[in-house]
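What follows is one structure encoded as structure tokens, with my remarks underneath.
The values are calculated or read from the model by the stated rules, or taken from the named source; none is laboratory data. The structure displayed is predicted, hence computed values, not measured ones. All Cβ positions, even for glycine, are placed from backbone atoms using ideal geometry, and neighbour counts span all protein chains on display.
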There are 2 protein chains.
Amino acid sequence: MSNQKLFNVAVVGITGAVGEQIIRLLAERNFPVQELKLLASARSAGKTIRFKDRDITVQEATPESFQGVEIAFFSAGGDVSKALVPHAVTAGAICIDNTNAFRMDPETPLVVPEVNIDKINGHQGVIANPNCSTIQMVAALKPLYDRYGISRIIVSTYQAVSGAGSRAIDEMLRQSKQVLDGNEVAPDVLPVSSLPVKHQIAFNAIPQIDKFLDNGFTNEEMKMIKETKKIMDDESLEVTATCVRIPVVYGHSESVYVELKQDFDIDEIKRLLADAPGIVLVDNPAEQQYPLATEAAGKTDTFVGRVRRDLSNPRALNMWIVSDNLLKGAAWNAVQIGEYIAIEQ
Amino acid sequence: MSNQKLFNVAVVGITGAVGEQIIRLLAERNFPVQELKLLASARSAGKTIRFKDRDITVQEATPESFQGVEIAFFSAGGDVSKALVPHAVTAGAICIDNTNAFRMDPETPLVVPEVNIDKINGHQGVIANPNCSTIQMVAALKPLYDRYGISRIIVSTYQAVSGAGSRAIDEMLRQSKQVLDGNEVAPDVLPVSSLPVKHQIAFNAIPQIDKFLDNGFTNEEMKMIKETKKIMDDESLEVTATCVRIPVVYGHSESVYVELKQDFDIDEIKRLLADAPGIVLVDNPAEQQYPLATEAAGKTDTFVGRVRRDLSNPRALNMWIVSDNLLKGAAWNAVQIGEYIAIEQ
């Protein structure tokens with residue numbers, strides 16, 4: 001980055017999969033860090049974590065942790081964000097929150113840089129990072145929205161277990177081995193660790209991510225519906241989602257049906273996608289090329305393919321959107337926001 | 001079955017996963033078999049296969065194999081059906097064909113007993129069994145179609161590897177072990193064994209089942225679109241499909257968005273589904289109950305859940321449909337048709 005001002009940065013929730021990736025990306029991107037404070041629960045305090053050429057001692061995250069902090073990344077769960085973000089804001093930090101705590105707060109910008117980076121100007125100290133499954137979808141749909149308008153989105157997801165944390169990854173791999181060895185499995189994390197009923201994820205597809213609401217949708221599905229409207233700044237946008245966990249480690253895939261407001265040219269759509277920031281078009285059926293979770297894993301881009309005109313509705317098309325849920329879906333989107341903040345200061 | 005007439009029955013393609021299930025179901029259902037002829041390629045001729053208390057020697061399937069056969073089940077691929085079904089019909093057999101060879105032939109009824117068993121009356125010697133992913137969907141949608149009318153269906157599938165045959169099952173399990181052991185994988189079957197490019201299926205989601213057409217859809221997707229219209233006998237029905245292979249052994253899952261022609265009552269929809277033949281409603285979000293591939297495997301029913309009113313379109317709903325692709329999706333649907341034929345004779 002050309003900006004030479006350096007920032008005191010804090011990362012809250014450094015033992016989780018997303019926190020780890022944030023620290024890695026801050027180093028890799030050469031984020032303008034003056035001092036880096038690594039914060040976690042009391043249990044992890046005292047550990048040391050390598051950042052570039054330094055060893056940094058993890059401290060317990062408390063309301064007093066944010067004195068002098070200018071940019072704080074939060075990724076330790078909604079309850080921690082609700083408790084500590086206000087203290088960080090009072091201390092003068094700009095908080096980039098990766099939890100659900102402030103996403104639908106009308107005062108809080110919900111930002112995917114490729115879509116609405118201009119919204120960071122209106123922040124009141126907190127900028128929310130959307131849910132993983134929403135981010136990749138809106139990033140891919142934004143060029144279509146701008147060119148043609150979008151009236152309806154119907155999405156079915158194929159979500160990786162890493163979205164449910166490292167215990168879910170361990171469980172899926174352990175269960176897979178148990179099934180292969182002909183042994184019984186005893187699910188204890190997925191679909192929702194805090195709920196009583198568990199289901200086998202190995203060699204299965206579980207149509208539940210997060211808790212159910214009275215309307216029959218899950219929280220995850222409602223996040224996709226509400227966050228998409230907020231990020232696109234369009235309450236008239238009609239969105240339906242079905243969110244499904246499948247036995248993949250990293251990388252959410254999405255089957256998306258989109259109705260546009262105008263007639264369109266499918267080749268122009270592909271060109272728009274190929275030229276869009278953060279989007280890689282992988283769409284060559286003749287060569288059997290399309291986005292795959294295993295190939296998106298570890299990458300910061302969003303991959304789009306299977307782009308085809310719908311046969312029944314002349315204003316609709318189908319597409320397949322894949323991205324690493326821990327990177328563009330979480331850590332990378334947060335660090336991107338951080339980079340924009342650093343430039344603006 | 002109360003019908004006491006016995007039939008000379010042939011099964012063509014008895015070494016495949018579906019053929020095996022047909023033989024098992026004929027025994028289990030006590031199908032009125034007089035003589036059972038087991039036919040396969042020359043390579044398998046001479047093997048013996050147990051059927052009830054008899055050992056039956058497999059014979060090579062040839063144009064002459066069908067003398068005296070009254071009901072013949074074909075499940076040895078489209079090319080074998082195209083070559084041999086006409087000879088079987090000439091010999092007087094009623095052929096129940098599980099391949100794609102005759103499905104879209106206007107003379108051939110395409111039958112899912114719960115939907116259009118009346119069509120078997122018009123057969124010209126061949127009755128086609130639809131594609132697995134179509135069968136479970138139309139079985140679940142039929143009660144809604146009859147009560148409210150359906151204008152549009154948008155489906156995304158989560159399909160088991162057994163749909164691509166036993167080599168695909170072996171590959172998926174082998175790859176899973178390789179990944180768990182930290183070894184490289186070398187895909188050589190999926191997504192389509194006859195095409196040059198292979199992709200890893202273990203811990204992945206592959207948005208290709210069967211070959212691509214020029215319109216960007218795959219054959220599997222076009223089967224769902226065309227077969228659904230034919231089975232529902234409604235060319236005005238708008239259908240879109242995205243078909244995806246996931247690492248599940250048995251049981252296809254489907255995320256289905258349905259637009260009805262009338263306003264509806266969601267509780268009545270659930271009652272219609274609960275009462276429908278061949279359908280089991282598994283839909284209790286409060287208890288985290290919904291259909292799962294691992295629980296549908298080995299069962300002949302189609303399981304439906306996650307039934308919920310769409311929030312954006314008052315005439316639409318979403319549902320999750322799961323069934324064993326080798327049973328209701330293939331062998332059981334074929335044997336059901338056979339049972340109706342046996343009763344009619």
| task | Sort out which residues of the stretch A:248-263 are facing chain B (nearest Cβ under 9 Å), in contact with a Phe, Trp or Tyr (Cβ under 6 Å, 6 or more places away or on another chain) and of a type outside the set (Gly, Ala, Ser), and write them in order of number. | result | A:Val248, A:Val249
| query | Within the stretch B:319-329, is even one residue of a type in the set (D, E, K, R) and buried (at least 17 other Cβ atoms within 10 Å of the Cβ)? | reply | yes
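If a residue has to be part of a loop (DSSP other than H, G, I, E, B) and either surrounded by 24 or more Cβ atoms within 10 Å (Cβ to Cβ) or among the hydrophobic types (A, V, I, L, M, F, W, C) (or both) to count, how many in the stretch A:104-136 make the cut? Outline the logic, then answer.
So in the stretch A:104-136, the residues part of a loop (DSSP other than H, G, I, E, B) come out as A:104-109, A:111-112, A:123-125, A:129-131.
Keeping just the survivors that are either surrounded by 24 or more Cβ atoms within 10 Å (Cβ to Cβ) or among the hydrophobic types (A, V, I, L, M, F, W, C) (or both) gives A:104, A:111-112, A:129-131.
Qualifying residue count, the stretch A:104-136: 6.
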| query | With respect to A:Ala297, is the statement that it is more than 14 Å from chain B (Cβ to nearest Cβ) and small (Gly, Ala, Ser) true? | reply | no
| request: For residues that are among the aliphatic types (A, V, I, L, M) and either in a loop (DSSP other than H, G, I, E, B) or not assigned by TED's automatic domain parsing to the domain that holds A:Leu311 (or both), tally how many sit in the stretch A:206-264. | output: 7
| Any chance the stretch A:170-188 includes a residue that's farther than 30 Å from A:Glu268 by Cα, assigned to a strand (DSSP E or B) and not polar (S, T, N, Q)? | no
| request: Restricting attention to the stretch B:14-40, report how many residues are among the hydrophobic types (A, V, I, L, M, F, W, C), within 16 Å of the chain's Cα centre (by Cα) and not in a helix (DSSP H, G or I). | output: 0
| field | Test: B:Ala139 is crowded, with 18+ Cβ neighbours inside 10 Å, within 14 Å of chain A (Cβ to nearest Cβ) and under 14 Å from the mean Cα position of the chain (by Cα) | value | no
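Can you confirm whether the stretch A:144-156 contains a residue that is assigned to a loop (DSSP other than H, G, I, E, B), surrounded by 22 or more Cβ atoms within 10 Å (Cβ to Cβ) and at pLDDT 95 or above?
For the stretch A:144-156, residues assigned to a loop (DSSP other than H, G, I, E, B), surrounded by 22 or more Cβ atoms within 10 Å (Cβ to Cβ) and at pLDDT 95 or above: absent.
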| Taking the stretch B:167-200 as the search range and keeping residues that are touching a strand residue (DSSP E or B) at 6+ places or on another chain (Cβ under 7 Å) and in contact (Cβ under 8 Å) with a residue 40 or more places away in the chain, which one is nearest to the other protein chains (Cβ to nearest Cβ)? | B:Pro191
| Limited to the stretch B:274-287, what total is found for residues that are more than 14 Å from chain A (Cβ to nearest Cβ) and either in contact (Cβ under 8 Å) with a residue 60 or more places away in the chain or buried (at least 17 other Cβ atoms within 10 Å of the Cβ) (or both)? | 6
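Residue under question is B:Phe66, and the condition is that it be of a type outside the set (Asp, Glu), touching a residue at least 24 places away in the same chain (Cβ under 8 Å) and crowded, with 24+ Cβ neighbours inside 10 Å; does it hold?
Details: of a type outside the set (Asp, Glu): yes; touching a residue at least 24 places away in the same chain (Cβ under 8 Å): yes; crowded, with 24+ Cβ neighbours inside 10 Å: yes.
So B:Phe66 passes the test.
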